[in-house]
Amino acid sequence: MKLRIIASYLMLCLTLVFASNSNATLIGPDSNLDVSLSTTDLGGGMYQYDLNFTNTDTDPIWHFIVYTTDTTSNHSGSFPNVESTNLDMASVFAGYDATNIDPNINYLFNEWYAPFNTDGLAVGSSATMSFTANYHATSFLYAYEMVGTYVGGGSNEVSGIGYATAGVPEPGSLALLGLGLLGVTFARRAKRG
């Protein structure tokens, strides 16, 4: 526990140092959410991204933000009462600007409960967000705010920051698959001979 507190403190200090060199100021502790990302190739250079997240933090979440390098479309989700999409980093409150974490980020879309900051996704509850884009990505930066926090209202940090990463087969799983295929090949050869 102490190690996690020290690591969070160091991360915050490093973020503040790098943020002081720009106008970007997205800061906050590491995410406490359980978030997964799945990707579907729709063909023609289009991809669908589905985020599933469970609130494993300490309070309800009223605001969820996903950062992207380019515009996205076909947004849907079970989380919000309200959403805004494809917001340029230049048009958001400085506290939501994530270019201090990744300078390639240009846009965000976010979903929130209305009236904002009074209701939210209960602890232990799950929600989904989906969107499409004409580029392939294996992860997306996200941030969230719990009820009682609001960066646009003067708070200096979001409640959590993390990366939603698409599942990749572990090397061990790939090795087992390879051994299985090799076994099938030898079995077929033995059967023929």
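Bear in mind these aren't lab numbers, they're just calculated from the coordinates by the rules spelled out. Predicted, not measured: the structure shown is a model, and the values here were computed from it. A quick note on method: Cβ atoms are made from the backbone with ideal geometry, for glycine too, and the neighbour counts reach across all protein chains shown.
Can you tell me the dipole magnitude for the range 35-180 around its Cα centre, using point charges on the Cβ only (Lys, Arg +1; Asp, Glu -1), in Debye to the nearest 20?
Around 180 debye, computed over the range 35-180.
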Alpha carbon centroid spacing (whole Å) that separates the range 77-103 from the range 30-72:
13 Å
VAL151, VAL123 arranged by Cβ crowding within 10 Å, fewest neighbours leading:
VAL123, VAL151
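Count the net charge of all other residues whose Cβ sits under 12 Å from the Cβ of TYR47, scoring Lys and Arg as +1 and Asp and Glu as -1. List each step's numbers first, then the result.
Working: positive: none; negative: ASP41, ASP50, ASP70.
Once all neighbours under 12 Å are counted, the net charge is -3.
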Would you order GLU157, GLU145, GLU111, GLU83 from fewest to most other beta-carbon atoms within 10 Å of each residue's own beta-carbon?
GLU83, GLU157, GLU111, GLU145
